[in-house]
Amino acid sequence: MEDTRHLAVFTTLLVERSPQALPMGAACVASAVKSSPLTKNLVRTELLTLSMEDGILCALSDDKKAEMLAERILSEFPEVGCVCMSVYVWSKTILEKAALLLKEKKGGIVIVAGGPEITANPLGMKGVDFSVAGEGEVAVPELLHSIFSSSSSGLNESSFGILGVYSLRGSGGFVKGTSVGAKAIPAPLDELSSPWLDGTIRAGDYGGALWELARGCPFKCSYCYESKGYAKIRRFPQERLDAELELFAKEKIPQVFVLDPTYNADKKRALDMLRKIRRTCPETFFYFEARAEFIDAEIARAFASINCSVQFGLQSSDPAVLKNVNRSFNKNQFKKNVSLLNEQGVVFGFDLIYGLPGDSLSGFKDSIDFALGLYPNNLELFCLSVLPGTKLFEDAKSFGLEWQDFPPYHVLNSPSFPSGDLNKAERLSHAVNLFYTEGRAVPWFNAVVGLVREKPSVFFEGFAGFLENKQELRGLSDGLSLLQIEALQKEYVFLRLKSKGLQKYTALVGDIISLNGALSRCQGEGEECTLELSWHPDDLMSQYAADIPFFFANCGREKNRTHVFNGPNGPDWAVL
């Protein structure tokens, strides 16, 4: 039987096709439309996304990306009556161009935009008929019901009166009952349908899942959208979360990224969920965001009991800088709590931001040194974005910040962090990411910088210069294989050893890097290999190798061929 319902296509443009970047916002609103009494018999939904990394799309201009998206929508869904766009900082320009093309190519099509960029500026996107500020699960079904229930003579916009909905169809930006700055009414979370459980989105299409446990944040970091959001944490009902967890287990989802910026703020709930994960999804790897001030020994042990990684938004190690963005920081308490994770063998990482008001290049370097001294598994470094709709956006001029007036709104200059230093910070960040995070250097990095007696930031400044002098890497360093990165690591480290008169350690350091790299590739990519080593692998992987001069003086050489393979308990090795 033919489906006579009106078609609404929900679309967005992803940074990449991965569990972290899947279209969760669009899927949640599409799921609400499917289940709402207002629209379930009136509107059918389709979810369509493109990724910046899809095929030739990554090499196309913004105009061509927009054209491809518009053509894809119209070719796959020629009967489409409404396109709902989920708009983010990286996609606004392209989606705006796509909206204009859709209006040009298909008369009568209605374009609705929502998402963080629209919430910040509901009237700031061309080609759009309606915009929705705030959460869309209530407002969008009401809007679509009004659109598709209107008479053939046209939309009776003045009768909509939906809070948080703005019209860009010549009515001055407001529909009846909407005031400037108004946001849509958020739905009670226990009334929302799950896009996972109703099949709106499938984790298998993205290699994993985003799992929304809660909305809202009790903290008010001024650079974050939550700085002007709901202070109260709203949690999804446990019954729904249990059902989603069972689904992930049934479908053998390899990895799940947990959407809850303060996962461990409620200790009891956090511990209960970790126990359920351990029972239900023991093979799945989970990624959490957490607050270091809430880490204790019990939470650390619970994290250690499952396959997981925990990310902390450190942002800066300077309390004065963090105070400028409404964050507090106790350095000693942070170090103490993170040490609990190290004691339990929990994988964790940190985020840092350069360009924060009051920060400087030297302060950013100090933050890198502090962070890497705590042995994180990864260190993610970002340029500050002065996002419209945040408290920082309102305060930025008082701090003397200058920033881009278009996405991604990066800071360009400040009294303490001038443009030249921001460029240096960008190069330094790239060097840290390539060598440490992408290069998986955590097992041996601090031993090497200790040997050459350099601060990590100084070591990485040298690596940044080393990269710039390698002509063959120009424009290619973002796509290097693990073996290519390892070759760069060795070449640079060997140069540093030579410059310090420490050449005698070259072979030993090379063995340490080679064996750790082989074990990492075996664990992460399932890659087996055979190495030519000068020391026995059992010795190289002992705690004594952390002190390279002591190891060199006390552990005899033993040339061997070592095979690295996946054993019953994970990566293993055997001397041939």
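Things worth noting here:
- Residues satisfying the stated conditions in region 301-360, i.e. buried (at least 19 other Cβ atoms within 10 Å of the Cβ), polar (S, T, N, Q) and in a strand (DSSP E or B): Q311, Q315
- Flag if F382 is more than 18 Å from G439 (Cβ to Cβ) and hydrophobic (A, V, I, L, M, F, W, C): yes
- Residue in region 515-529 that is among the polar types (S, T, N, Q), within 19 Å of T437 (Cβ to Cβ), in contact (Cβ under 8 Å) with a residue 24 or more places away in the chain and out of contact with any Phe, Trp or Tyr (no Cβ under 9 Å at 6 or more places or on another chain) present: yes
- Residues that are open to solvent by 30 Å² or more (accessible area, probe 1.4 Å), within 20 Å of S339 (Cβ to Cβ) and under 19 Å from the mean Cα position of the chain (by Cα) within region 364-387 comprise just one, N377.
- Here L100 clears all of (1) assigned to a loop (DSSP other than H, G, I, E, B); (2) more than 24 Å from L189 (Cβ to Cβ); (3) at pLDDT 90 or above; (4) touching a Lys or Arg at 6+ places or on another chain (Cβ under 8 Å) except the condition numbered (1).
- In this structure, E486 does not qualify as surrounded by 15 or more Cβ atoms within 10 Å (Cβ to Cβ) and in a loop (DSSP other than H, G, I, E, B).
- Residues in region 75-83 include none that are assigned to a helix (DSSP H, G or I) and open to solvent by less than 70 Å² (accessible area, probe 1.4 Å).
- Breaking point among (1) farther than 22 Å from F435 by Cβ; (2) surrounded by fewer than 19 Cβ atoms within 10 Å (Cβ to Cβ); (3) more than 28 Å from the chain's Cα centre (by Cα), for L495: (1)
- Within region 450-465, if we keep just the residues that are open to solvent by 10 Å² or more (accessible area, probe 1.4 Å) and not in a loop (DSSP other than H, G, I, E, B), the residue that is nearest to Y505 (Cα to Cα) turns out to be L451.
- Identity of the residue in region 423-433, in contact with a Leu (Cβ under 7 Å, 6 or more places away or on another chain) and not charged (D, E, K, R), that ends up surrounded by the fewest Cβ atoms within 10 Å (Cβ to Cβ): N433
- Counting only strands (runs of 3 or more DSSP E) wholly contained in region 502-576, the ones carrying 2 or more residues that are in contact with a Leu (Cβ under 9 Å, 6 or more places away or on another chain) and open to solvent by 40 Å² or more (accessible area, probe 1.4 Å) occupy 560-567, 570-575.
Quick grid of which residues meet (1) part of a helix (DSSP H, G or I); (2) out of contact with any helix residue (DSSP H, G or I) (no Cβ under 6 Å at 6 or more places or on another chain):
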position: Q20; (1), (2): yes, yes
position: P37; (1), (2): no, yes
position: R44; (1), (2): no, yes
position: L50; (1), (2): no, no
position: E53; (1), (2): no, yes
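- Breaking point among (1) within 21 Å of S222 (Cα to Cα); (2) not in a helix (DSSP H, G or I), for L374: (1)
- Check on L392, within 20 Å of the chain's Cα centre (by Cα) and either buried (at least 20 other Cβ atoms within 10 Å of the Cβ) or part of a strand (DSSP E or B) (or both): no
The values are calculated or read from the model by the stated rules, or taken from the named source; none is laboratory data. None of the values given here were measured: they were computed from a predicted structure. When we count neighbours, we look across all protein chains shown, and the Cβ atoms used for this are built from the backbone with ideal geometry, even at glycine. Note: areas computed on protein heavy atoms with side chains; ligands, DNA, RNA excluded. Shrake-Rupley method; radii C 1.70, N 1.55, O 1.52, S 1.80 Å.
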